[in-house]
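The structure appears right after this line, and notes come after that.
The values are calculated or read from the model by the stated rules, or taken from the named source; none is laboratory data. From a predicted model like this one, the values you see are computed outputs, not experimental measurements. Positions of Cβ are backbone-derived with ideal geometry, glycine not excepted, and every protein chain shown enters the neighbour counts. SASA here: full protein model, heavy atoms, side chains in, ligands and nucleic acids out. Shrake-Rupley method; radii C 1.70, N 1.55, O 1.52, S 1.80 Å.
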Amino acid sequence: MLEELFPNVKVEDMIEATNETLYMTSVSVAGTFILGLLLGLLLYLSGPGGLWDNKLLNWVTASVVNVFRAIPFIILILLLFPFTDFLMGTIRGPGAALPALIIGGAPFYARLVEIALKEVDKGVIEAAKAMGSKYRTIIFKVLLPESMPALISGITVTAIALISYTAVAGVIGAGGLGDFAYFYGFQRRDFDVVAFCTILIVIIVFIFQFIGDFVSRKLDKR
């Protein structure tokens, strides 16, 4: 049945391409979570009424986030070629796509982190301050735990965006399902290969969405 619907699809090649996509997505999600969380915390803490309330720091952080959010991903990849080559030693393959994926995804996630932190009950923060809690305690014992369900929902949304980014990165030789769909499907006019790659990408999206929703519900104390 599979051979009739997708005559040009080779299972071994699809497994390899899927593994490359999963590798790029998983590593970039981890990197985006860490970098985006740091940027989001800076945006929130240095903003008006924040624990650090620093206009200059907030302006610089917001400017960096806004600039990188505004750059289309395909252009960002091209701009980062020298940095990627220096860091990874190559501009091709799944590993070479990681710097662009993380730098492209982190600013997007940073804004979601900022929104999640702003939703934390101010009364809880004020109570922690009244008890003499240090800033580090407030951040790690109050802000992050209270906002964790929203943070997980945010990284889930970002992960799905990163999956689409991996497909774009594949067009310029990063590997994965996007690479396979373009070079071995579209360019050879084997559209069954393109369709099969699309189905696999959709399945990966559903898996990440399911995992994110499950973890978010488990962490939600309401």
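Are there any pairs, at least 6 apart or on different chains, whose C-beta atoms fall under 6 Å, with the first in region 63-83 and within 16 Å of TYR165 (Cβ to Cβ) and the second open to solvent by less than 70 Å² (accessible area, probe 1.4 Å) and β-branched (Val, Ile, Thr), and if so, which?
PHE73/VAL168; ILE74/VAL168
Could you please find all residues in region 42-67 being part of a loop (DSSP other than H, G, I, E, B), of a type in the set (S, T, N, Q) and open to solvent by less than 40 Å² (accessible area, probe 1.4 Å)? First the steps, then the outcome.
First, the residues of region 42-67 that are part of a loop (DSSP other than H, G, I, E, B): 46-54.
Next, only the ones that are of a type in the set (S, T, N, Q) stay: 46, 54.
Matches in region 42-67: SER46 only.
I'm told ALA100 meets every condition in (1) open to solvent by 10 Å² or more (accessible area, probe 1.4 Å); (2) more than 19 Å from LEU43 (Cβ to Cβ) except one. Can you identify the failing condition by its number?
Result: ALA100 passes all but (1).
Considering only region 171-188, I want to know if a residue exists there that is part of a helix (DSSP H, G or I), over 27 Å from ILE91 (Cβ atoms) and in contact (Cβ under 8 Å) with a residue 40 or more places away in the chain.
Looking for residues that are part of a helix (DSSP H, G or I), over 27 Å from ILE91 (Cβ atoms) and in contact (Cβ under 8 Å) with a residue 40 or more places away in the chain, one finds none in region 171-188, hence no.
I'd like the full set of residues that are farther than 16 Å from ASP179 by Cβ and of a type in the set (Ser, Thr, Tyr), limited to region 2-41.
SER26, THR32
What pairs come out if I take residues in region 193-220 that are under 16 Å from ALA30 (Cα atoms) and small (Gly, Ala, Ser) and pair them with residues that are part of a helix (DSSP H, G or I) and open to solvent by 60 Å² or more (accessible area, probe 1.4 Å) whose C-beta lies under 6 Å away, six or more apart or interchain?
Pairs found: none.
Scan region 99-138 residue by residue and report those that are assigned to a helix (DSSP H, G or I) and over 29 Å from the mean Cα position of the chain (by Cα).
Restricting attention to region 99-138, the residues satisfying the condition of being assigned to a helix (DSSP H, G or I) are 99-118, 122-130, 135-138.
Passing the criteria: GLY123, VAL124, GLU126, ALA127, ALA128, LYS129, ALA130.
Can we say LEU39 is modelled with pLDDT of 95 or more, surrounded by 13 or more Cβ atoms within 10 Å (Cβ to Cβ) and under 19 Å from LYS141 (Cα atoms)? Don't jump to the end; show me each part of the working.
Values: modelled with pLDDT of 95 or more: yes; surrounded by 13 or more Cβ atoms within 10 Å (Cβ to Cβ): yes; under 19 Å from LYS141 (Cα atoms): yes.
Yes.
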